[in-house]
Structures are given as C-alpha cells and as structure tokens.
Amino acid sequence: MRYAMHESDADGGRLFAAPALTQRVARLAGERGDEGSDEVLYVLEGGGSATIAGERHELRPGTAVFVARGTPWSAEGDARAVSVLAHDPVPASATHAVLDLTAADRGTATAGREFLLGATPAVGCASVTQFVGLIPPGRAPDHFHHYDEVIYVLEGEGFLEIDGEQAPIRAGSCIHLPRTLVHCLANTGAGEMRVLGVFTPAGSPAEAYYPDGTLAVLPERM
C-alpha cells in the first residue's frame, strides 16, 4: 500500500515527502535549523539537550519540540526523534516550544480514542497540530479529515485500511493520509496502541467526517 511503510525501509531516515509535510526519523545531535520550514519533533529514545534561540532544554523520550522556520538551534546527546517539516509555514507567534507529553492532559476523539496535544497554535506553532493518539483495541468507523496528515506508530499493532485494502502496522510503521482520503486505523492488539500524528492545517485531532460527509460523533462520556 502506498500510504504505509516501515521506517526500516526508509532511505537515510526519510519517510513520507508530501507537498505540505516531510516526515523523517533522525538523530538530533549537531547544528540544526531549516530556513524555509517549521519543524516539529517527538523524541523516541535517548536523551540530551537542545539549545534553541539561546535557551537550553532537556530532551528525553516523550518530549515534543516546535522550532519556527529560520530559528537556528543545536542538540547534544543521543536523542532520536521523529521530525516533520511543514513546508508552507504560517507565521508563528513564538520561535519555539518544548513540551513534556508524558504529563499532558488527554482529549477525546471518535470511537473512544484519546489524544495528547504537542505543538499547536496554542504554544506558537500555527502551521500544524502535533499529537499522540491513544487507540484502544478495535476498529474505528471509516472516516476522513480535511487536513493532510503523517503518522508514526509508537506502540502496538494493527492495520490501516483504505478502500478495502489492508496494510499491517506496528511500532515503526509510518503512514501518510492526504486530506479527504477515507481510511480506518484498527488496533488488533490486547493493549493500547499509541501513534504520533502531525497534520496541516492545524486544528483538532477530534474532527473527522464519515464517508457521506457528516461530522463524526464523539463518544458520550460516562
């Protein structure tokens, strides 16, 4: 399936390259910064520190980072992260933001799914929304979004289904979902699946539409 791959099949860590977003996995050590794109990252493993706009921040698994275009920065240590570049960035209200998603509050999306927000307009990143999705066992209804999205599977196993075709996914699997593409992500494991999503334009991960165009209904809270 052309919408899914595994990071082990990537060339030099480069995953999906779409007109709006480029997804890759990279070691962060060294001088960094992109003159033309905003960048959002999520630390997968390792640790160290990042110096962004003269401020030093700790890096550890679960750290989310936003760096606005044209902001030079550097990192030390052995942190490995998922990086997503937003190629047509909206002017940011901050040079950067660093968040600990291990301590973030959960929001609710369709089919009992929850999410943790990372880089968003609320912290100065106007170009994209970054989140960690928490998916219980089961299959969500087919749906689509009005945004372009890339996904990285952090934990768990299941499948991506598009137009009746299924692709198995597991930790390290990568997905590109162009806007309005009808799809379903299913968790076939016994525990929670965790995925990292980044989409543009920015908005709410809870906003989704059924194939007939009606707004997907959030589950009722008990």
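Here is a list: GLU55, GLU76, GLU39, GLU35. Which entry is surrounded by fewer than 15 Cβ atoms within 10 Å (Cβ to Cβ) and at pLDDT 95 or above? Only one candidate qualifies: GLU55.
For the stretch 116-129, check the following and say yes or no: at least one residue is more than 30 Å from ASP88 (Cα to Cα), modelled with pLDDT of 95 or more and among the hydrophobic types (A, V, I, L, M, F, W, C).
no
Mind listing whichever residues of the stretch 108-120 are surrounded by fewer than 20 Cβ atoms within 10 Å (Cβ to Cβ) and in contact with a Ser or Thr (Cβ under 8 Å, 6 or more places away or on another chain)? If the condition is that a residue be surrounded by fewer than 20 Cβ atoms within 10 Å (Cβ to Cβ) and in contact with a Ser or Thr (Cβ under 8 Å, 6 or more places away or on another chain), then GLU114 is the only one that fits.
This table checks each residue for (1) touching a residue at least 12 places away in the same chain (Cβ under 8 Å); (2) farther than 22 Å from HIS87 by Cα; (3) in a strand (DSSP E or B); (4) more than 13 Å from the chain's Cα centre (by Cα).
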{"position": "ILE151", "(1), (2), (3), (4)": "yes, no, yes, no"}
{"position": "PRO168", "(1), (2), (3), (4)": "no, yes, yes, yes"}
{"position": "ALA186", "(1), (2), (3), (4)": "yes, yes, yes, yes"}
{"position": "GLY191", "(1), (2), (3), (4)": "yes, yes, no, yes"}
{"position": "LEU196", "(1), (2), (3), (4)": "yes, no, yes, no"}
{"position": "PRO211", "(1), (2), (3), (4)": "yes, yes, no, yes"}
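Quick check: is even one residue across the stretch 164-177 at pLDDT below 95 and out of contact with any Cys (no Cβ under 7 Å at 6 or more places or on another chain)? Spell out how you get there, then give the answer.
Taking the stretch 164-177 first, the residues at pLDDT below 95 are 164.
Filter again for out of contact with any Cys (no Cβ under 7 Å at 6 or more places or on another chain), leaving 164.
Checked the stretch 164-177: at least one residue is at pLDDT below 95 and out of contact with any Cys (no Cβ under 7 Å at 6 or more places or on another chain).
Looking across the stretch 19-35, just one residue is under 17 Å from VAL128 (Cβ atoms) and β-branched (Val, Ile, Thr), and that is THR22.
Residue-by-condition table, conditions (1) under 17 Å from the mean Cα position of the chain (by Cα); (2) farther than 29 Å from PRO136 by Cα:
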| residue | (1), (2) |
| --- | --- |
| ASP9 | no, no |
| LEU15 | yes, no |
| GLY33 | no, yes |
| ARG56 | no, yes |
| LEU59 | no, no |
| GLY77 | no, yes |
| ALA92 | no, yes |
| ASP100 | yes, no |
| GLY107 | yes, no |
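The residues in the stretch 121-141 that are more than 14 Å from ALA206 (Cα to Cα) and assigned to a loop (DSSP other than H, G, I, E, B) can be counted, and the count is 7.
Just a yes or no: is a residue in the stretch 94-105 loosely packed, with under 15 Cβ neighbours inside 10 Å and assigned to a strand (DSSP E or B)? Yes, there is a match, as at least one residue in the stretch 94-105 is loosely packed, with under 15 Cβ neighbours inside 10 Å and assigned to a strand (DSSP E or B).
Would you say ARG24 is at negative phi, basic (Lys, Arg) and assigned to a loop (DSSP other than H, G, I, E, B)? Reasoning before the result, please.
Details: at negative phi: yes; basic (Lys, Arg): yes; assigned to a loop (DSSP other than H, G, I, E, B): no.
So ARG24 fails the test.
The values are calculated or read from the model by the stated rules, or taken from the named source; none is laboratory data. Small disclaimer: the values here were computed from a predicted structure and weren't measured. Please note: Cβ atoms are built from the backbone with ideal geometry, for glycine as well, and neighbour counts cover all protein chains shown.
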